[in-house]
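Undergrad: The structure's right below; bear with me while I get my questions together.
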Amino acid sequence: MASAPTSNDFDVTHKMVLAIAIPMILGLITVPIVGMVDMAVIGQLGEAALMGGIAIGALLISFLATSFNFLRMGTTGLAAQALGNGDKIAQRAVLYRALMLAFLLGFIMMAAGPLLLSPALDLMGGGDAVNEAANDYVIIRLWAMPVALANYVIFGWLFGMGYSRSGMVLLIVLNCVNIASTVWFVLGQELGVAGAAWGTVLAEYVAVIAGLIWIGKLIGVEWQVPMSRLMNRAAFGRFMMLNGDIFVRSLVMLLAFGAFTSLSARQGDTILAANELLMTLFMIGSFFLDGIAVAAEQLGGRAIGAGSRRAFDRSVRLCLVWGLGLGAGLTLIFLTIGPFFIDQLTTALDVREVARNHLIWVALTPVIATLAFQMDGIFVGATWSADMRSMSLVSSAAFALAAWLLLPDLGNDGLWLALLIFLACRGLGLLLLLPKRSQDVFGKSRTVQAETGQ
């Protein structure tokens with residue numbers, strides 16, 4: 001039997017899901033364009049070492065950025081719960097705490113980054129010229145680390161509060177400024193790799209200023225938060241534990257995909273190239289699935305804050321319906337246009353052949369990964385981060401075991417099958433935990449505080 005509506009109850013509709021997901025998808029699809037423009041602009045200089053330096057430098061920065069993605073995810077869940085609970089002070093407190101942590105971590109990375117850079121470049125195995133270019137690129141990018149992490153918080157808060165269109169516009173502004181400034185610095189000012197880095201730094205600062213101004217307009221004159229609420233020990237403890245769990249989860253995920261690349265490389269250059277090409281399709285699909293997942297974060301978290309079992313259950317159902325439908329559609333699209341896509345990305349006949357032979361595996365990833373993406377979204381919104389952390393460890397262990405058992409006999413097919421097992425394990429594991437977690441929350445009380453200890 002559905003629970004009776006609470007004072008903060010709300011209806012979850014297909015339109016609400018799409019109103020969050022579509023702007024998120026549109027914003028995300030601008031992200032790979034930035035990387036392509038960086039490489040294209042540096043490519044005009046005609047030096048392979050510079051292109052290699054950009055690739056390695058961007059990879060290292062991406063690793064850092066992904067590691068700190070908990071700032072976006074944690075902020076979204078807590079903001080959505082505060083919205084559902086109708087506590088405006090809590091909504092502002094979530095934002096301010098997250099910004100404090102973002103700037104603190106950003107300044108720490110600015111100081112520690114140069115010390116960690118040399119051993120990181122040694123691990124990447126590039127030549128002297130490549131490493132020199134990568135070093136220059138990363139050192140400059142570190143100057144934007146505090147505002148880059150603050151942008152994570154801003155995006156997370158906007159998404160959590162339901163301002164998905166504002167988040168989309170801000171993300172597009174960030175990427176457009178990045179593209180324009182990179183072209184100007186590299187080709188107009190002839191600054192080379194440093195120009196590409198400064199272009200991104202400028203974009204991050206423009207985005208954080210624009211984001212804070214926009215949030216200021218949304219909050220209005222009621223921007224104050226009592227110090228007793230802002231620095232509340234229980235709320236801060238919950239905030240730090242949530243972010244710590246998501247950090248571990250993100251790090252484990254990075255290691256799993258890194259292991260996939262490493263195991264691909266051990267099978268030879270051709271298989272490595274083919275798998276990386278196919279992973280591009282997977283990443284494109286993930287942008288679309290992420291859009292629905294963010295809808296699950298916002299609507300699920302809001303329902304938790306409102307104490308509405310009815311809204312929560314409907315959020316889960318609708319996001320799963322849209323996610324599975326989108327995943328199935330992407331599978332059909334990949335099977336249809338996959339061969340054409342492969343031919344456009346490489347002229348190497350051996351790489352084309354291997355990629356075509358394994359296209360079926362990457363085509364299956366969207367429909368199989370849908371459950372993992374949507375359950376991640378629900379658990380982020382509900383701030384059930386410990387389960388996400390634990391399930392990432394379990395699914396990574398399943399991937400390692402499957403790869404160890406399947407690779408010797410099945411080769412690259414076995415590796416892709418292990419990846420699908422990894423994705424399926426994450427989704428199914430969280431789905432099995434969902435009924436108990438829901439009962440823990442809604443079975444005890446119809447009203448859930450957005451912040452503990454308040």
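Read-outs throughout are calculated quantities, based only on the coordinates presented, and are distinct from any laboratory measurement. Every value quoted in this text rests on a predicted model; they were computed, and no experiment measured them. All Cβ positions, glycine included, derive from the backbone under ideal geometry; neighbour counts span all protein chains shown.
Undergrad: At 0.36 nm per residue, minus the direct Cα-Cα distance, what do L255 and I209 gain on full extension? Give it in nm, one decimal, please. Write down the numbers at each step before the final one.
TA: Numbers: separation 46, 0.36 × 46 = 16.56 nm, distance 3.33 nm.
Net length gain for the segment: 13.2 nm.
Undergrad: Evaluate the distance, in nm, between pseudo-label points positioned 7 Å from the Cα of M241 and of A397 along their respective Cα→Cβ axes.
TA: About 2.2 nm, to one decimal.
Undergrad: Please work out the C-alpha center-to-center distance from region 145-183 to region 262-326 and express it in whole Å.
TA: That distance is 20 Å.
Undergrad: Let me ask another. Which of L174, L406, M16 sits farthest toward the positive end of the charge dipole of the chain, with +1 on the Cβ of Lys and Arg and -1 on the Cβ of Asp and Glu?
TA: M16
Undergrad: Right, something else. Of the chain, which part is the longest with no trypsin sites (Lys or Arg not before Pro) in a loop (DSSP not H, G, I, E, B) and with at most 13 other C-beta atoms within 10 angstrom? Write out the running numbers ahead of the final one.
TA: On the way: sites that count: R266, K444.
No qualifying site falls inside 1-265, the longest such stretch.
Undergrad: With a ≥ b ≥ c the root eigenvalues of the C-alpha gyration tensor of region 286-341, is it rounded (a/c under 1.5), prolate (a/b larger than b/c) or oblate? Display every interim value, and only then the final one.
TA: Details: a/c = 8.20, a/b = 3.01, b/c = 2.73.
Since a/c reaches 1.5 and a/b is larger than b/c, the shape of region 286-341 is classed as prolate.
Undergrad: Please return the longest range in the chain lying between exposed loop sites, taking GluC sites (Glu not before Pro), DSSP loop only, at most 12 other beta-carbon atoms within 10 Å, and leaving the sites out. Present the calculation step by step, with values, prior to reporting the outcome.
TA: Numbers: sites that count: E190, E222.
Here the longest segment lacking exposed loop sites spans 223-454.
Undergrad: Shifting gears a bit: Summing -39500 (n - 2.57) over the DSSP H runs of n ≥ 4 in the chain and dividing by its residue number, what mean residue ellipticity at 222 nm do you reach, to the nearest 500 deg cm²/dmol?
TA: Values: 17 runs with 381 residues, N = 454.
Calculated from helices alone, the mean residue ellipticity at 222 nm is -29500 deg cm²/dmol.
Undergrad: I've got another one for you. Using the Karplus curve 6.51 cos²θ - 1.76 cosθ + 1.60 with θ = phi - 60°, work out ³J(HN,Hα) for each residue of region 374-389 in order, rounded to whole Hz, and write x for Gly and Pro.
TA: Computed from phi, the couplings for region 374-389 are 6, 5, 4, x, 4, 6, 5, x, 7, 6, 8, 6, 4, 5, 4, 4 Hz.
Undergrad: Which Cα, out of L212, M110, L83, lies furthest along the positive dipole direction of the chain (beta carbon charges, K/R +1, D/E -1)?
TA: Positive-end residue among those listed: L83.
Undergrad: Give me the extension gain from F340 to V221: residue separation times 0.36 nm, minus the current Cα-Cα distance, reported in nm with one decimal.
TA: Working: separation 119, 0.36 × 119 = 42.84 nm, distance 5.45 nm.
Length gained, F340 through V221: 37.4 nm.
Undergrad: Would you kindly derive the ³J(HN,Hα) couplings of region 186-202 from the backbone phi angles with the Karplus curve 6.51 cos²θ - 1.76 cosθ + 1.60 (θ = phi - 60°), listing them in order in whole Hz, with x for Gly and Pro?
TA: Those phi angles translate into 7, 8, x, 9, 6, 9, x, 4, 4, x, 4, 5, 5, x, 5, 4, 4 Hz.
Undergrad: Lysine pairs in the chain 8 or more apart or on different chains: how many have alpha carbons under 28 angstrom apart? List each step's numbers first, then the result.
TA: Details: K15/K88; K15/K217; K88/K217; K88/K444; K436/K444.
Lysine pair count for the chain: 5.
Undergrad: While we're here: Determine, from the Cβ-Cβ distance of A234 and C176 and an R0 of 45 Å, the FRET efficiency 1/(1 + (r/R0)^6), rounded to the nearest 0.05. Spell out each step's value before the answer.
TA: Working: r = 41 Å, r/R0 = 0.92.
The formula returns an efficiency of 0.60 here.
Undergrad: Related question: Assuming R0 = 45 Å, can you tell me the calculated FRET efficiency for the pair D440 and Q189, based on Cβ-Cβ distance, to the nearest 0.05?
TA: Details: r = 58 Å, r/R0 = 1.28.
About 0.20, to the nearest 0.05.
Undergrad: Could you state the number of Å between the C-alpha centres of region 370-429 and region 90-129?
TA: Taking the Cα centre of region 370-429 as reference, the centre of region 90-129 is 27 Å away.
Undergrad: Now a separate question. Test of understanding: express the Cα radius of gyration of region 165-230 as a ratio to 2.2 N^0.38 Å, with N the residue count. Intermediate results must be reported in sequence, preceding the final value.
TA: Details: Rg = 16.3 Å, N = 66, 2.2 N^0.38 = 10.8 Å.
Compactness ratio reported: 1.50.
Undergrad: Next up: What is the angle, in °, between the Cα long axis of helix 14-28 and the longest principal axis of the Cα atoms in the chain? Nearest 10 is fine, range 0 to 90.
TA: 30
Undergrad: Across region 286-301, in residue order, what do the Karplus-derived ³J(HN,Hα) couplings come to in whole Hz, using 6.51 cos²θ - 1.76 cosθ + 1.60 with θ = phi - 60° and x for Gly and Pro?
TA: Values, residue by residue: 5, 4, 6, 5, 4, x, 5, 4, 5, 4, 5, 4, 5, 6, x, x Hz.
Undergrad: State whether region 64-126 is rounded, prolate or oblate according to the following rule on the C-alpha gyration tensor (a ≥ b ≥ c being the square roots of its eigenvalues): a/c under 1.5 gives rounded; otherwise a/b larger than b/c gives prolate, and the remaining case gives oblate. Walk me through the intermediate numbers first.
TA: Working: a/c = 8.50, a/b = 2.72, b/c = 3.13.
Note, shape of region 64-126 comes out oblate.
Undergrad: Moving on. By its C-alpha gyration tensor, with a ≥ b ≥ c as the square roots of the eigenvalues, how is region 82-214 shaped: rounded for a/c under 1.5, else prolate for a/b larger than b/c, else oblate?
TA: Details: a/c = 3.12, a/b = 1.71, b/c = 1.83.
It is oblate, given that a/c is not under 1.5 and a/b is not larger than b/c.
Undergrad: Could you calculate the contour length gain from A348 to L104, that is, 0.36 nm times the residue separation minus the distance between their Cα atoms, to one decimal place in nm? List each step's numbers first, then the result.
TA: Numbers: separation 244, 0.36 × 244 = 87.84 nm, distance 4.67 nm.
Here the segment from A348 to L104 would lengthen by 83.2 nm.
Undergrad: Take M283 and I29, extend 7 Å from each Cα along the Cα→Cβ direction, and tell me the distance between the two endpoints in nm.
TA: A separation of 1.7 nm, rounded to one decimal place.
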